[in-house]
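Below you'll find the structure, written out as structure tokens, and then a few comments.
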Amino acid sequence: MAINKWIRPIGILAGLWCAPKLYAGAFDIPAEFEQGLQALAQDNKSALIQSVDALQAQIETQPMAIYLEARWLGERVEEQPADVANFLAKYPDAPLASRIKRRYLAYLADLEEWQHYLSVYEAPPFCRADTALQCWKKTALIKLEGALTVEQQQTALAIWTRGSSQPDACDPVFAYLDEQQLLTKERYQQRIK
């Protein structure tokens, strides 16, 4: 019994002693990745492109290149929308893809490019649709199809009856609900509660 008490601690100590020797260099950060992070900090696109290209040439560091590209594009959605669209199509499972998609959808809504908005909204990566994204989708449907289905009206009414201030993105949807005479006295009372 006394021997079993010591086996685990001895194994842990042996592992800690051997691990640095066995895995030396296995977790080193590539110089290209560090250079890419510096390029991001300095807002230097040409240096970033060099780092990304160098990392993509090495299969084991490709996720680092994708990360750098995502960080770059995430801050430049309005400046490089075509590059953002290509990135989302090519890397829908990238760690920052859903964040970039949200920014891209907001950009498309600001431009009122509703057809493009709907195609991006429905494509991967799938991200949690916050209230603004939901309202922009409904606005797109109203603008393109002229109306909302009964189910879409019900979800829009559920947003309206929350009773708290909603994003400005919802104003066209709420105006549509009012035009359709769906904002009844009972619904106003429900919203106040």
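The values are calculated or read from the model by the stated rules, or taken from the named source; none is laboratory data. Computed from a predicted model, the values in this text were never measured in an experiment. For neighbour counting, all protein chains shown are included, and Cβ atoms are generated from backbone atoms with ideal geometry for every residue, glycine included. Side chains included, ligands, DNA and RNA excluded: accessible areas come from the protein's heavy atoms. Shrake-Rupley method; radii C 1.70, N 1.55, O 1.52, S 1.80 Å.
Below are the figures for this structure:
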item: Residues of segment 144-173 classified as surrounded by 14 or more Cβ atoms within 10 Å (Cβ to Cβ) and closer than 27 Å to ARG99 by Cβ, total; result: 10
item: Set LEU133, LEU177, LEU108, LEU118: member being over 30 Å from GLN80 (Cα atoms) and surrounded by 16 or more Cβ atoms within 10 Å (Cβ to Cβ); result: LEU177
item: So GLN35, is it modelled with pLDDT under 85, out of contact with any strand residue (DSSP E or B) (no Cβ under 8 Å at 6 or more places or on another chain) and surrounded by 15 or more Cβ atoms within 10 Å (Cβ to Cβ); result: yes
item: When residues of segment 130-182 are limited to those that are of a type in the set (S, T, N, Q) and within 19 Å of TYR117 (Cβ to Cβ), the one farthest from the chain's Cα centre (by Cα); result: THR149
item: Residue that is of a type in the set (Gly, Ala, Ser) and either open to solvent by 30 Å² or more (accessible area, probe 1.4 Å) or within 22 Å of PRO172 (Cα to Cα) (or both), where the choices are ALA65, ALA89, ALA70, ALA97; result: ALA89
